[in-house]
Amino acid sequence: MTEAFRDRIDIALTVNGEPVEARVPAGRHLVDFLRLDLGLTGTHAGCEHGVCGACTIQVDGQAVRGCLMLAAQADGAEVWTLEGLTEQGVIRDLQEAFVARNALQCGYCTPGMLASIKELLDIGGVPDRATIREHLSGNYCRCTGYEAIIDAVETVAQARAGKGAA
Ligand code: FES
Ligand code: FES
């Protein structure tokens, strides 16, 4: 239930499978709520205006920019961050492929990349490289040049489809 109280709003949501209740400032962005209020610093903040993709998380099964969504808008939602996805093991093959393919260097973009890629892989099948690039066009990486990231995604998609080994 959402209850407005001056500039604060009560929210109840699920974060990484755990119920969370909080009273948040109406203007609190979801990425700040996760990082500063819940201590889930695996989600990164970069541009903070919807461009770089560093803050990408999963909300109700979709990749969402945490800097463009208010915490109040997540009332009732199911939110997954890198911490929860890692603990669940649902992206372990992808994380291993990132390491094997050198698809991360500084790692700042990586949590957002993984959240976006999970959305693509959840569709199933083996996307071609152009589709992978298109899907990740909103996730900036200043280090890798993207080729290794595309390689990692392609490898995992093929492995999940039984056409190769991650
Ligand atoms: Fe959200 Fe850049 S920090 S898109
Ligand atoms: Fe450094 Fe992507 S690994 S920004």
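Please treat every number below as a calculation from the coordinates, not as lab data. Just so it is clear, the structure is predicted and the values come from calculations on it, not from any experiment. Because the Cβ atoms are built from the backbone with ideal geometry, glycine has one as well, and the counts that use them run over all protein chains shown.
Quick notes on this structure:
- The number of residues in region 110-142 being within 16 Å of ligand 1 (Cβ to nearest atom) and surrounded by 15 or more Cβ atoms within 10 Å (Cβ to Cβ) comes to 15.
- Among residues of region 60-70 being among the hydrophobic types (A, V, I, L, M, F, W, C) and not in a loop (DSSP other than H, G, I, E, B), the one that is nearest to Lys118 (Cα to Cα) is Ala63.
Quick grid of which residues meet (1) of a type in the set (S, T, N, Q); (2) closer than 30 Å to Ala157 by Cβ; (3) in a loop (DSSP other than H, G, I, E, B):
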site: Ile9; (1), (2), (3): no, no, no
site: Pro19; (1), (2), (3): no, no, no
site: His44; (1), (2), (3): no, yes, yes
site: Gln58; (1), (2), (3): yes, yes, no
site: Ala72; (1), (2), (3): no, no, no
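- Scanning region 24-42 for residues that are in a loop (DSSP other than H, G, I, E, B) and either charged (D, E, K, R) or within 16 Å of ligand 2 (Cβ to nearest atom) (or both), we see that the one that is farthest from the chain's Cα centre (by Cα) is Arg28.
- Residues of region 81-109 that are away from ligand 1 (no atom under 16 Å from the Cβ) and under 16 Å from Thr43 (Cβ atoms): Glu83, Gly84, Leu85, Thr86, Glu87, Gln88, Ile91, Gln95, Leu104.
- Criterion: over 12 Å from the mean Cα position of the chain (by Cα), assigned to a helix (DSSP H, G or I) and away from ligand 2 (no atom under 16 Å from the Cβ) - qualifying residue of Glu83, Glu87: Glu87
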